[in-house]
Amino acid sequence: DGGITQSPKYLFRKEGQNVTLSCEQNLNHDAMYWYRQDPGQGLRLIYYSQIVNDFQKGDIAEGYSVSREKKESFPLTVTSAQKNPTAFYLCASSIQGNYGYTFGSGTRLTVV
Amino acid sequence: AQSVTQLGSHVSVSEGALVLLRCNYSSSVPPYLFWYVQYPNQGLQLLLKYTTGATLVKGINGFEAEFKKSETSFHLTKPSAHMSDAAEYFCAVSDRGSQGNLIFGKGTKLSVKP
């Protein structure tokens, strides 16, 4: 079955550590997206990529980094510069055009 | 810039009652319109979408939405709520001719009382 897989489902990070969240899709979608979700704030766009080896900052990119070396993969690194990283992170993908997104099941990151 | 407003961050209905979740967009040019549902600790699932054609759109789980250009609205309805409908619902839009990036509303949490 085609889909989008996020791992791990739960992740704990110590203060000052970088962590990487995985997002893999086998839908042959060109575009991929990372969102952060906090209670009552909806979805906020972190980074997106429309094509391999290219990506753009979203609304809240500070403290995050991404890479897009393969069409299938769009990992997100939460760096130590992100002061409040505890949140639910969602990855999504889409084909070009206005067809909507397919979402992964999310990663819940907690700073301990 | 395009924006999406969902009226009511929380809506509570009784089982069997009508569900009405409101969504308004800001663009003067009708965008593409979407409704997504999110169950706790899960990703978002597409309920329905409007791109062109018939303005009443039917989706999964008995939901439907009507695009009203004059009101710049795309409200989501279901005639009879079920306990399993309790979830958070997000309205989203993307501009015609754009790359397809979605702009999301802040979500409405639906509670269903027995």
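Below are the figures for this structure:
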read-out: Cubic angstrom per residue, convex hull over Cα atoms of the protein assembly as shown; value: 126
read-out: For the range B:1-44 and the range A:54-112, distance of Cα centres in Å; value: 23
read-out: Two-site FRET efficiency, A:Asp38 against B:Leu56, from Cβ-Cβ distance with R₀ of 30 Å, rounded to 0.05; value: 0.30
read-out: 5 Å-binned pair-distance histogram of chain B (Cα, whole percent); value: 2, 13, 24, 26, 19, 10, 5, 2, 0
read-out: Net charge, A:Leu43 excluded, C-beta distance under 9 Å - Lys, Arg +1, Asp, Glu -1; value: +3
read-out: Share antiparallel - DSSP beta bridges, chain A, percent rounded to 5; value: 90
read-out: Distance (nanometres) between label positions extended 7 Å along Cα→Cβ at B:Glu64 and A:Lys70; value: 4.5
read-out: Taking all pairs of distinct alpha-carbon atoms in the range A:59-112, Kirkwood radius in angstrom; value: 12.9
read-out: The range B:25-81: C-alpha pair distances exceeding 16 Å, %; value: 45
read-out: Rounded if a/c under 1.5, otherwise prolate or oblate - the range A:12-53, Cα gyration tensor axes; value: oblate
read-out: Fluctuation leader among B:Ala54, B:Ala65, B:Ala87 - chain B, Gaussian network, Cα springs under 10 angstrom; value: B:Ala54
read-out: Links that overshoot a 24 Å alpha carbon limit, given the list B:Lys78/B:Lys113; A:Lys83/B:Lys109; A:Lys9/A:Lys70; A:Lys9/A:Lys71; B:Lys68/B:Lys106; value: A:Lys83/B:Lys109
read-out: Shielding score for B:35-42, defined as the mean number of other chain Cβ atoms within 10 Å; value: 3
read-out: Simple label model, 7 Å out from Cα along Cβ direction - A:Ala81 to A:Tyr10, nm; value: 3.1
read-out: Neighbour-count ranking [beta-carbon atoms within 10 angstrom, fewest first] of B:Tyr39, A:Tyr64; value: B:Tyr39, A:Tyr64
read-out: Kirkwood hydrodynamic radius of chain A, Cα pairs, Å; value: 13.9
read-out: Extreme residue, positive dipole direction of chain A, given options A:Asn28, A:Thr102, A:Gly58 (C-beta unit charges); value: A:Gly58
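Readers should treat all values here as calculations from the given coordinates under stated rules, not as data from a laboratory. On a predicted model such as this, the values are computed, not experimentally measured, just so you know. FYI the Cβ positions are ideal-geometry reconstructions off the backbone, even for glycines, and counts take in every protein chain you see.
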